[in-house]
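**Student:** Mind looking over this structure? Questions follow.
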Amino acid sequence: MDRIIKKQIETYRPNFLEHGISPKGTFQNDLITQEERHLELLNPLFKHKSTHFSICDVGSGLCDLHGLLNKLNIAHDYTGIEIVDEMVEASKKLWPRANVVN
């Protein structure tokens, strides 16, 4: 396994196992700042694409970006890519219609 990927898994897996399905489980402070961060990432997309779009979220964690898009009723196709197996499995349970891969 690539040493960078191994280091990422060694960092994120224990944190997720300790904090679970929560912002802290993905090293976020809280839900408010997490959503603000996602909105900043999405703003350029919103300016250029006002209708249904596709998004690939690399390092998707628990697919919270997908959750925010759903919360805002924004039509989209979502693919999340995550290297921590436990996060992938949790995301698939949280978002059964999302495409989440390891």
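**Student:** Kindly list the residues of region 55-70 that lie in the label zone of H48, defined by a backbone N under 18 Å from the point 7 Å along the Cα-to-C-beta vector.
**Tutor:** What the label zone holds, given the 18 Å backbone N cut-off, is 55-58.
**Student:** So which lysines can K47 reach, going by Cα to Cα under 27 Å and dropping same-chain residues fewer than 8 places off?
**Tutor:** K71
**Student:** Next up: Using DSSP H assignments, which helices in the chain have an axial alpha-carbon span of 20 Å or above and a mean Kyte-Doolittle hydropathy of -1.0 or higher?
**Tutor:** Helices passing the filter in the chain: 31-48.
**Student:** Here's another thing I want to ask about it. Give the long-range amide H neighbours of V100: residues separated by 5 or more places, or on another chain, with amide H under 5 Å away, using H modelled in the peptide plane at 1.01 Å from N.
**Tutor:** G80
**Student:** Can you list residues from other chains, or at least 5 along the same chain, whose modelled amide H is less than 5 Å from the amide H of F53?
**Tutor:** Excluding prolines and chain starts, which carry no amide H, the hits are H76, D77.
**Student:** Moving to a separate point now. May I ask you to list the trypsin sites (Lys or Arg not before Pro) in region 14-93 that are in a DSSP loop and have at most 15 other Cβ atoms within 10 Å of their Cβ?
**Tutor:** Within region 14-93, the qualifying trypsin sites (Lys or Arg not before Pro) (loop, at most 15 other Cβ atoms within 10 Å) are K49.
**Student:** Out of these labelled values of Rg and Dmax of the Cα atoms in Å, (1) 15.1, 47; (2) 13.8, 40; (3) 14.4, 50, which was calculated from the coordinates shown here?
**Tutor:** Read-out from the structure maps to (2).
**Student:** Another one. Just to confirm, what accessible area per residue do you get for region 6-102 at 1.4 Å probe, in whole Å²?
**Tutor:** Per-residue accessible area for region 6-102 comes out at 63 Å².
The values are calculated or read from the model by the stated rules, or taken from the named source; none is laboratory data. The structure displayed is predicted, hence computed values, not measured ones. In this analysis, Cβ positions are derived from the backbone assuming ideal geometry, glycine residues included, and neighbour counts consider all displayed protein chains. Side chains included, ligands, DNA and RNA excluded: accessible areas come from the protein's heavy atoms. Shrake-Rupley method; radii C 1.70, N 1.55, O 1.52, S 1.80 Å.
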